[in-house]
Amino acid sequence: MLLKRLEISGFKSFAKPITLEFPTKITAVVGPNGSGKSNVADAVRWVLGEQSLKHLRGKKGEDLIFSGTPRIARLAKASVSLAFDNKDKLFPVEFGEVIMSRRVYRDGVNDYVLNGSQVRLKDIIELLSKVGLGASQHHIIAQGDSDRILYASSKERKSMIEESLGLKIFELKKNEASRKLEAAENNIKQVESLKREIQPHLKYLEVQAEKMKSA
Ligand code: ATP
């Protein structure tokens, strides 16, 4: 699997759309302090579904959208697309190139697009888990982060291994099933309480019906 291209538009310091091509297996991004190198890594982590703003070095969703300068107006949305070569069909989809995109608007709405079709975050996580990828911290090691990986707690290490093995999606499905189960249990409780509520009325109707029959 080869990372082919990263397109960034309106994300953090990238006001103008830029495209980074990765024609080789190793690419170094160089630049002066504060020029946006870490923002490139943040863009990759974000498009892979990262949900923690802290990991993206932000406090609120809007921090991810270009905030403007005295000369350039702030933007209304940020978008990032990541293209993977899929000639070897490592991702179990038909496309020869898998393109994942994520957009965020100032009102906080996020959407995900996979090869031109709108999808859910779950679909992105499911696809990435097939190749052992994810937004978790062990694929993308930020500046000064290597210590954190080396000294990760056993719980954190477990989560990294689970992600590499593609188990993340099962955790997600388990949580979804638990939520549905909880909703079904609440519905059952509501039906039971309704049944209890109408019980006296039913009894009354039964008595009335009996009376009518014998009259
Ligand atoms: P260093 O080499 O010092 O680590 P870097 O090249 O990794 O720097 P980044 O941390 O990627 O730099 O970029 C920091 C810059 O991005 C800062 O100038 C910051 O103002 C800018 N920036 C971050 N978020 C936004 C935003 N939402 N809108 C505009 N600029 C932003």
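State whether the residues of segment 6-22 include one that is open to solvent by 50 Å² or more (accessible area, probe 1.4 Å), near the ligand (Cβ under 8 Å from one of its atoms) and over 24 Å from Asn115 (Cα atoms). Yes.
The single residue among Glu176, Glu185, Glu206 that is at pLDDT 85 or above and either open to solvent by less than 90 Å² (accessible area, probe 1.4 Å) or closer than 25 Å to Phe95 by Cα (or both) turns out to be Glu176.
Within segment 4-42, the residues that satisfy the criterion of being of a type in the set (A, V, I, L, M, F, W, C), outside any loop (DSSP other than H, G, I, E, B) and touching a strand residue (DSSP E or B) at 6+ places or on another chain (Cβ under 6 Å) are Leu6, Ile8, Phe11, Ile18, Leu20. The conditions of being open to solvent by 20 Å² or more (accessible area, probe 1.4 Å), of a type outside the set (Val, Ile, Thr) and near the ligand (Cβ under 9 Å from one of its atoms) are met by Asp63.
Give the residues of segment 47-59 that are away from the ligand (no atom under 13 Å from the Cβ) and open to solvent by 30 Å² or more (accessible area, probe 1.4 Å), sorted by residue number. Within segment 47-59, Gln51, Ser52, Lys54, His55 qualify.
Note on segment 67-110: among residues that are in a loop (DSSP other than H, G, I, E, B) and aromatic (Phe, Trp, Tyr), the one that is surrounded by the most Cβ atoms within 10 Å (Cβ to Cβ) is Phe91. Listed by first and then second residue, the pairs linking a residue in segment 27-46 that is more than 6 Å from the ligand (Cβ to nearest atom) to a residue that is not aliphatic (A, V, I, L, M), with Cβ atoms under 6 Å apart and 6 or more places separating them unless they lie on different chains, are Val29/Lys37; Ala43/Phe11. Kindly indicate whether any position in segment 139-157 is in contact (Cβ under 8 Å) with a residue 24 or more places away in the chain and either part of a helix (DSSP H, G or I) or crowded, with 19+ Cβ neighbours inside 10 Å (or both). No, segment 139-157 contains no residue that is in contact (Cβ under 8 Å) with a residue 24 or more places away in the chain and either part of a helix (DSSP H, G or I) or crowded, with 19+ Cβ neighbours inside 10 Å (or both). Condition first: more than 16 Å from the ligand (Cβ to nearest atom) and in contact (Cβ under 8 Å) with a residue 60 or more places away in the chain. Can you find one or more residues in segment 68-80 that meet it? Scanning segment 68-80 turns up no residue that is more than 16 Å from the ligand (Cβ to nearest atom) and in contact (Cβ under 8 Å) with a residue 60 or more places away in the chain.
The values are calculated or read from the model by the stated rules, or taken from the named source; none is laboratory data. Keep in mind it's a predicted model, so treat the numbers as computed, not measured. Quick reminder, even Gly has a Cβ in these numbers, built from the backbone with ideal geometry, and neighbours come from all protein chains shown. Areas reflect the complete protein model, heavy atoms only, side chains present, ligands, DNA and RNA absent. Shrake-Rupley method; radii C 1.70, N 1.55, O 1.52, S 1.80 Å.
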